[in-house]
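Written out below as C-alpha cells is the structure these notes cover.
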Amino acid sequence: MRLRSEDLFRAEVRIPSGAGETLRFASAELCHYLQAMSRVPLAPVRDPSLVRPGVVVGRAPLPETGPLEEGEFRVVPSASGFCVLGGSERAVLHGVYRLLEHWGCRWSFHGSPLEEIPRLTAEGVAVPELREKPAFRVRAYASDIHTWHYSEPEKLRSRLPSDVAFVDWLGKTGANAFLFIHHPFDSAFTIRELEPEFSKRGIGIEWGGHVLPVLLPRERFRDHPEWFPEGPDGRRTDLGNLCPSSPEALAEVADRAWKLATANPRLGALHLWGADFWEGGWCRCAGCKGLSPSEQSLRVCNAVARRLEERGFPHSIYALAYHDTIEPELESAPAERVFCEFAPRERCYAHALSDPSCERNRFYRRALEGYLRIFGPRVRVFEYYGDAILFFGCGVPLVEVIEEDLEFYRTAGVSEVSLLQFGAYSVWAYPLNLLAYAFGTWGRSGELGRSIPRELRAYGPQFWRRFEQAVRPAVAHGDIRRPTGADPKRLAEQLSTASRELAELSRAVPDPDSSEQRELLGYTAAVLRCVAKELEGSAPRPVVEDELGKAISRLAALAPRHVGLWGVFDLPLVHAFFASRKE
C-alpha cells in the first residue's frame, strides 16, 4: 500500500472512544506530521467500534493480530489505509514515531525547529508492515533534581524550554521512565512543570535517590540514637543511613516512604539509596557488624517494599549496588518487588563491560552476574554515558562501548537500563552517547549512522571516531580528575598525547560556524592537559587551577543552548569540589 496526498483527503484518522491521554497524543502527533508532509488537514475522530490501543488511518477495521506485549507495536497496511497497534497506548505512540522515521522524519534534541520532515511526493510513500518490541522492558533516563535550580524561579524558567524539547526527544526515541534523583538537601521530588510533558508521552516519573537520610530524619537522633548507625569507634552518629537491626528504625523509614507515596500518587518506582559517599554510612553495631553493606541495604528495601504493599502502594523498590554495595554479599532473599540497581560508576569506559581484556571491568562484570543470579531479571543497570560529573564536562564519545554494553546487558538477562545525564549540557557534550543508548535500547544500533540529527551530521563519522579514540585513556580509571588504579607516569603521558590530538582535531572541525564544538574540544584538551600536569607534578596547583578556570570560563560564555544551567553554575562547583579534596 502506498500513501499519497489524495488518499489523505479521503482518509479518517480513528481512535477508540475510550482512548487515554497517550493514545490521544499519538493520534494527534500522527495527524500533525502527516499534515506537515502533505499539507492536508487532519484530525483524529473517536470510533466506538475500536476496542484496543491503536490508530487507524482509512476505513478498514482493526485487523486481528493476536496479543502484543506491553512495549510491542505493529504497523499493518491494508487496501484502504493502515493502522498502528500496540500492547499499550505508549507502544502505539512509539509505533507512530517509528513509522514516521521510516518515511524519513528525523528528530532533534532541540525540538521541532531542527527536525527534518520530508514532503509527500506524487508517488507517495510505501506503508511498511512493522512489528517491533524494545530490547529492554524499562528504558530510563535520570538526572539530579537540584541541577534544575528549582528554588530560583528565573533560572528554572530559563531551563524549561530545553527540557520540554528533550522530553519530546525522549518520547520520539522510545523512552518510558525518568528518575529525578533526590539528595538530602533537596526539597522537591519532581519538577511539576514537566509532569504534563512526561504524562502525555507515557513516560513514568520515578522518585527517590539518596533518600535514606531523609526517610530517617536526622533530628530523631536526639531521642532515638539507637536507630542510627554505629561507627567503627563504637559511637552512634547521625551521619550516614540507619541501623537495619533496629525494627523501630525500619518501621520509621517504611512509614515515611508510605507517606511520601500517598502525597505523590503520580510518582512510580522508588529508588531507595543510601548516603552518597564511599563508605556509605552503614552500621557496625553488634547486630549489624556481621552484615555486609549490600545486605543492610537490602533489608531496608525489603521492609519498605512490604510496608508499601500492605498499604496499597505496590511500588517497585530499587536497592542500589554502588560503591560499598557493588558486590552481591547477600544473606536475605529480595522481596518480590525489590530490584537491584547496578551502578558501576568507577568502571572503565575505554572498554565495554564484557571485554575480557579489561581487568577493571572484569570485577564489575562478575558483580553484575552475581546480582543477576540472585534477582533474576529484576536488575536495572544505571549507566553514566552522559555523566558530566564523572567526565568533568569533557566531551567523551562512547558509541562503540555503549553498543557493546547494551548487547551484553541484554544477553546477560538485564531487563532495565538507565542513563544519567544533565540536560542541555549532556545533549551538547554527549549527543552520540544519547543516540547510541536510545537506539541500542530498542536493538536498533545499526541504524544510528543514518539517523544522526542534522546539527551533528556535518562532522562526519571520521571526526567522531578520532574523538572517541583520543579520549579513551582518560575514561579508563574512574573520575577524570581523580583517576584510580593507574600508573601515574604512564597515564600522564597518555593524557598529554590525547590533549595534543584533540587540539589537532579542533583545527579540523569542518564547519567554520561550529565554534561551540571547537570550544568543547579545547576545554577537553585543557582538562586532560591539567590532569597530566597534576599526575606528573610538573606545575604548581595554583597554576593548574588557573588554567582550568580559564577553560571553564570560556565554556560559560557560550550560548545557553549548549552549556545550559549546568555548564554555567554547576561545572565550576564540580571542579572546586574535587580541587578541595586534593588539599
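Things to note:
- What the phi angles of the range 25-33 give under the Karplus curve with 6.51, -1.76 and 1.60, with θ = phi - 60°, is a coupling list of 5, 4, 5, 5, 5, 4, 4, 4, 6 Hz, glycine and proline written as x.
- Using a Förster distance of 60 Å, the FRET efficiency for ARG482-ARG131 (Cβ separation, nearest 0.05): 0.80
- Dipole check for the chain: with +1 at the C-beta of Lys and Arg, -1 at the C-beta of Asp and Glu, and the Cα centre as origin, the magnitude is about 800 Debye.
- Gyration tensor verdict on the range 1-124 (Cα atoms; rounded if a/c is under 1.5, prolate if a/b is larger than b/c, oblate otherwise): oblate
- Added length on full extension, which subtracts the Cα-Cα distance from 0.36 nm per residue, LEU456 to THR121: 117.9 nm
- Ranking THR441, PRO461, VAL427 by Cα position along the charge dipole of the range 411-483, where only Lys, Arg, Asp and Glu carry charges on their C-beta atoms, puts PRO461 farthest toward the positive end.
- Between HIS32 and GLU152, the simple label model (points 7 Å from Cα in the Cβ direction) yields a spacing of 3.1 nm.
- For the pair the range 379-428 and the range 276-344, the centres of their Cα atoms are 24 angstrom apart.
- Were the residues from SER112 through GLU193 laid out at 0.36 nm apart, the gain over their Cα-Cα distance would be 27.2 nm.
- nm² value of the averaged projected area, convex hull over the Cα atoms of the range 300-349: 3.9 nm²
- A simple spin-label model places pseudo-atoms 7 Å from Cα toward Cβ; at GLU493 and THR262 they are separated by 6.5 nm.
- For q = 0.12 Å⁻¹, Debye-computed log10 I/I(0) when each Cα of the chain counts as one equal scatterer: -1.26
- Sites GLU369 and ARG235 - FRET efficiency at Förster radius 30 Å, r taken between beta-carbons, to 0.05: 0.20
- Once the Cα-Cα distance is subtracted from the 0.36 nm per residue extended length, the GLU329 to SER80 segment shows a gain of 83.7 nm.
- Under 5 Å from the amide H of LEU3 lie the amide H atoms of VAL125, ALA126, VAL127, each residue being 5 or more positions distant or on a separate chain, with H modelled from the backbone and absent for Pro and chain starts.
- With both labels modelled 7 Å from their Cα along Cα-to-Cβ, the GLU64 to ARG500 distance reads 7.2 nm.
- Calculated from backbone phi, Karplus (6.51, -1.76, 1.60) coupling profile of the range 525-538 in Hz, x at Gly/Pro: 4, 5, 4, 5, 5, 5, 5, 4, 5, 5, 5, 8, x, 8
- The mean accessible area for residues of the chain, using a 1.4 Å probe and ignoring ligands and nucleic acids, is 40 Å² per residue.
- Cut-off under 5 Å, modelled amide H: who pairs with SER415 long-range: VAL379
- Surface share of carbon and sulfur [accessible, 1.4 angstrom probe, percent] for the range 436-543: 50 percent
- Treating r as the C-beta distance of GLU447 and HIS224 and R0 as 45 Å, the FRET efficiency rounds to 0.20.
- Backbone amide hydrogens, once placed in the peptide plane, bring GLU132 within less than 5 Å of PHE73, excluding anything fewer than 5 places away on its chain.
- The Cα center of the range 345-362 and the Cα center of the range 133-173 differ in position by 29 Å.
- 20 Å Cα cut-off, lysine pairs counted over the chain (separation 8 or more, or different chains): 7
- Projecting the Cα atoms of ALA526, VAL544, CYS83 onto the dipole axis of the chain, where Lys and Arg carry +1 and Asp and Glu carry -1 at the beta carbon, places CYS83 farthest toward the positive end.
The values are calculated or read from the model by the stated rules, or taken from the named source; none is laboratory data. No experiment lies behind these values; they were computed from the predicted model shown. When we count neighbours, we look across all protein chains shown, and the Cβ atoms used for this are built from the backbone with ideal geometry, even at glycine. Calculation scope for accessible area: heavy atoms of the full protein, side chains included, ligands and nucleic acids excluded. Shrake-Rupley method; radii C 1.70, N 1.55, O 1.52, S 1.80 Å.
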